[in-house]
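Peer 1: Structure incoming, see below.
The values are calculated or read from the model by the stated rules, or taken from the named source; none is laboratory data. Since we're looking at a predicted model, the values are computed, not measured. In this analysis, Cβ positions are derived from the backbone assuming ideal geometry, glycine residues included, and neighbour counts consider all displayed protein chains. Each accessible area value is taken on the protein alone, full model and side chains, heavy atoms only, with ligands, DNA and RNA left out. Shrake-Rupley method; radii C 1.70, N 1.55, O 1.52, S 1.80 Å.
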Amino acid sequence: MGKLYLIAGLLLALAAAPCSSAQLLPDHFGAWSKSNCAAKPRTTSLFEETGQRDNASCQFSSNGTNSITVWAGSFLDPSSAYEVYTSEINPGMLPSTLGPNSAIDQEKLLVLVGNVLLRVEQPREVSGQDLQQLIASVRAHSEQTPLPPIRAYLPQGFTDGTQKYALGPEGFLSALSVLKREEFANLANEAGFGSAAKAEALIAEYRNGKDAAALLLIEYPTPQLAEQHLRHLEQALSPAAKQAGTTIERKASLLSLVLRPSSAAYGNSLRRAVNYATEVTWNEPHQTVTDPPLLSTIAKIFIWTGVFMVVAVVLGVAFGGVRVLAKIFFPGKVFDRPEQMDVLQLGLSGKRINSRDFY
């Protein structure tokens, strides 16, 4: 009987697996309803590197005639999803009005929603209002932690769609391949991806008239790690790349590589335009010492002096009163008992002094 329950549980778990993937997408949004979902979710080596959690590809129909395909993938965090997003966009796509990280062309719409990436095929068939409802539904179940700060380091003027972010060697090699910079593929082994260095890379193409270059930024957790990998990357650069003007420099925890610039002046101008600044903070606890007002100090002196005087008088009266009362009611029994009294005598007279004569 126990084996039957075990088999039934396994069958239920297998049956529920495709449904859990489909839950990335709503059953309805706007005028569109989900019709069916792919049995096998889409996966790639890049998805595995970025910590893919789940994905789903579903068909949505409207009025029984129009049909679109929506794919959604959830990843480890928004930075991982951003890596996949930049690998999917290309210079032929235009920015969309649906969000800051969205791009569209005739075939597809890409929208980054937290740690979820949305891909809508045949996006021209869907109204902007319906797409907003789809995005809002996905956003309700996504993580909204900040995107990597290295995005803001890139200077303005890059060719839109060429910016590629990488957290690992797969993303880095994919970016170089798309940008036709395969000659720098050996840098993936020296950059410090997937190790204790935890490197992050961002590359983009720049063109200004006859000038052109690719700018590669690699950020590390500490300046020490950046300096260490600077030496490795310098050795990995081929003589031909160095001859073509490829240079590498470090600023704090950030390495900047200008790949094959059309001129040394253009390469230097790109590097100077990098939006990166260091800030050192000192968090040692401190105290502010202030002298109290003079009048307050004098007043406290008089007050505490008066308190001490009152306490002294009270204690003196109490001690003296107890002694007097003890002598009245218990003479010679508590204080000044004769057997404990010693009188020093000089012997100037022949009469002996009795201590009792004094009490």
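Peer 1: Which order, highest average first, do 92-102, 197-207 follow once you tally other Cβ atoms within 10 Å for each residue and take the mean per peptide?
Peer 2: 197-207, 92-102
Peer 1: OK, next. Please compare each pair in Lys34/Lys198; Lys210/Lys242; Lys108/Lys251; Lys164/Lys251; Lys108/Lys198 to a cut-off of 30 Å on the Cα-Cα distance and tell me which ones are over it.
Peer 2: Over 30 Å apart, Cα to Cα: Lys34/Lys198; Lys108/Lys251; Lys108/Lys198.
Peer 1: Using θ = phi - 60° and the Karplus form 6.51 cos²θ - 1.76 cosθ + 1.60, what ³J(HN,Hα) does each residue of the range 213-230 get, whole Hz, x for Gly and Pro?
Peer 2: Those phi angles translate into 5, 10, 10, 10, 10, 10, 10, 10, x, 9, x, 5, 5, 4, 5, 4, 7, 4 Hz.
Peer 1: Related question: When the Karplus curve 6.51 cos²θ - 1.76 cosθ + 1.60 is applied with θ = phi - 60°, which whole-Hz ³J(HN,Hα) does each residue of the range 198-204 get, with x for Gly and Pro?
Peer 2: Each residue of the range 198-204 in turn: 6, 6, 10, 10, 9, 10, 8 Hz.
Peer 1: Taking only protein heavy atoms and a 1.4 Å probe, what accessible area per residue, in Å², does the range 36-170 have with all protein chains in place?
Peer 2: 45
Peer 1: Same structure again: Explain nothing, just the number: dipole magnitude of the range 74-198 about its Cα centre with +1 on each Lys and Arg Cβ and -1 on each Asp and Glu Cβ, in debye rounded to the nearest 20.
Peer 2: Dipole about the Cα centre, nearest 20: 220 debye.
Peer 1: Okay, moving on. Quick one, what does Rg over Rh come out to for the range 85-163 if you take C-alpha atoms and the Kirkwood Rh?
Peer 2: 0.97
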